[in-house]
1. Sort shortest first the distances from A:Asp331 to its counterpart in every other copy, using label points 7 Å along the Cα-to-beta-carbon line, and give them in nm.
2. Mind checking the dipole of the range A:186-271: about its Cα centre, +1 per Lys or Arg Cβ, -1 per Asp or Glu Cβ, Debye to the nearest 20?
3. Would you grab the residues whose amide H sits under 5 Å from the one on B:Ser144? Only those 5+ places off in sequence or on another chain, please, with H modelled 1.01 Å from N.
4. Provide the packing ranking of A:20-28, B:215-223, B:153-161, i.e. peptides ordered by the mean count of other C-beta atoms within 10 Å per residue, highest first.
5. Would you compute, for the Cα atoms of the protein assembly as shown, the largest minus smallest coordinate along each principal axis and list the three values in descending order, in whole Å?
6. Summing +1 for each Lys or Arg and -1 for each Asp or Glu, what net charge is found among the other residues whose Cβ lies under 12 Å from the Cβ of A:Pro143?
7. Return the ratio Rg/(2.2 N^0.38 Å) for the range B:203-326, where Rg is computed over Cα atoms only.
8. Quantify how strongly other chains surround peptide A:217-230 by giving the mean number of their Cβ atoms within 10 Å of each of its Cβ atoms.
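Every number here is computed from the coordinates shown, using simple stated rules; none is lab data. No experiment lies behind these values; they were computed from the predicted model shown. Don't worry about glycine lacking a Cβ; one is built from the backbone with ideal geometry, like all the others, and counts go over all protein chains shown.
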2 protein chains.
Amino acid sequence: MNELLNLSLTEVHNLAVEVLEKNGLGSDHAHAIAKVITAGERDECYSHGVYRLIVSVNTLKQGKVNKSALPEVIDVAPAVVKVDAKFGYSQLAFEMGAKHLAEKAKKVGIAALAINNCYHFSALWPEVEHLASQGLVGLALTPSHSWVAPAGGTKPVFGTNPIAFAWPRPGGDPYVFDFATSAVARGEIELHRRSGKAIPFGWAVDASGEPTDNAEAGLAGAMLTFGQHKGSALSCMIELLAGPLIGDLLSSESQAFDAGAGATPCHGELILALDPKVFLGADTEANFGRAEKLFEQITGQGARLPSQRRFDARARSEKNGVFVPKKLLDDILAFINR
Amino acid sequence: MNELLNLSLTEVHNLAVEVLEKNGLGSDHAHAIAKVITAGERDECYSHGVYRLIVSVNTLKQGKVNKSALPEVIDVAPAVVKVDAKFGYSQLAFEMGAKHLAEKAKKVGIAALAINNCYHFSALWPEVEHLASQGLVGLALTPSHSWVAPAGGTKPVFGTNPIAFAWPRPGGDPYVFDFATSAVARGEIELHRRSGKAIPFGWAVDASGEPTDNAEAGLAGAMLTFGQHKGSALSCMIELLAGPLIGDLLSSESQAFDAGAGATPCHGELILALDPKVFLGADTEANFGRAEKLFEQITGQGARLPSQRRFDARARSEKNGVFVPKKLLDDILAFINR
């Protein structure tokens, strides 16, 4: 059995900062990333928790990420701000850009933040939740590497192209979803491969384009989108909006840029923010009530809102701290010679 | 065999105007609607073609639609415009609002058009294609009536909640999709019911929440979303953005408002426009080229872009006119005593 060690959220944060800084990452970047790693561990999204420090140190060692990049904020238009991440991690660029994005949305009603040239680090929910915490509706999109075939095809074109959305709920956790437009996350297929398990048909096709339940063959072939032609169309939309629209790489270009290193994908990200107060004025409160009525129609029949499991985990972790496998912690501590 | 009659697109348009005007619809509305009916027939989207005149005359006879409503344009903020359709049809409101939406997007980069209190008439693709024809990226969302259960539930909450998107392609048809977030259109289940055919499992549950292949039972129960929990999350997002965010009805409220009349649903619509030129400046052309590279990755492997069938039909109809079943045309001509 794997022993679990109890850490407070502050301990997780400080550990992450120390590991990242000792591996050469600039302090501002280390703090920004430690924040989302702590949030991931807190919400029991383990692949985005302290485990991600291992991925990150490996990526840093490959020397591709600009460890001390100073993101540049570019005010493009009254409703558009860009941040050039200068080939550093995305998180600091997001923090710097989000401030301007929120200001613009509050002023003009809807605004866009384009982050360019970033190694995209986290899930997208921390970003849309950040906007929701300021009373804004948030939508975030990124490409990744071209692993996913379009509907009707068998060759990989799209990334796993996630989409995340948050709606602020006064006095409670926001309504949030964050999902890949591939049938499953690529990591899920990798887990099946490692444990020698078959994958369900519908997740992938093999290199000759035939449906497969073999994880290895699926990884060598192409993943499929969720929801057939509809999921494929959405994935294409995400690729267009978070690629060409903001002057950044397609998933296929991002993969070529990686050149087989297997690092965190480098590409762009598009984040939209909408201010309900601008749209609604004096009717704001009544319409937040209307949204609550919708949520009640869902939960009142026993269905769950997306992210509910994550918010439950969050409440637990904020009370009791988190429990990290000793073996994982030992691997991480080895990075700082402890 | 059903005889087909060949009509030019101008004949279709003039017929639609005459039928609508003779049934009491104001001239501006009749012309705006004739335009989308002609486009639907031209693209061989028969449910949105001349057939829709029958639905429309029936709705007009119910007396709910304000036949001569003068939509009011409200300039809300630099990136937000609203049009109060005053309980008339949506099409004229869209035409009036789209002009302001495009101006705003070109000025500030991204903008939103909220249409309120409208009987939503058409598919959404005419609206996003209209924006694409001006070089803008378009996204459109509406609720409908609460027919669709959320993932994990069995009671109807969401509308069929369509989403449409268009990306302008210089010198060609835009990249466009327009689909319901329900597993299928409600009309598809109705067609199965009328012809006594079973529906595939996954389209609907019966009134007791059990999976069903009986169309009648599915219509009495709840439709399901496409793509399980992911489609359900998207449907909820559409409901929030095209409902509470713009101060308009949820699908359940729209259904209550209809009070069993079975008229075209009355609710709001949200349309976003993004101007690539603002986002990209001098890099615009290069990035439209990048988008073309993406489309080539899709079509180059034999997969089809969404709407391709529609564009093929359009090319045929623009050359040869359209072919309308005599029986359908007779039913329509009866409305104008011919």
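1. Inter-copy label distances (nm, one decimal, shortest first): 6.5.
2. Details: 5 positive and 11 negative charges, 47 e Å.
Approximately 220 debye in magnitude.
3. Hits under the 5 Å cutoff: B:Gly159, B:Thr160, B:Asn161, B:Ser251.
4. On the way: A:20-28: 17.8, B:215-223: 20.7, B:153-161: 24.9.
My ranking of the peptides, most packed first, is B:153-161, B:215-223, A:20-28.
5. 91, 50, 48
6. Numbers: positive: B:Arg290; negative: A:Glu239, A:Asp248, A:Glu253, A:Glu269.
So the surrounding residues net to -3.
7. Details: Rg = 21.1 Å, N = 124, 2.2 N^0.38 = 13.7 Å.
Dividing the Cα Rg of the range B:203-326 by 2.2 N^0.38 Å gives 1.53.
8. Numbers: counts 0, 0, 0, 0, 0, 1, 0, 0, 2, 6, 10, 2, 6, 13.
Whole-number average of other-chain Cβ neighbours for A:217-230 is 3.
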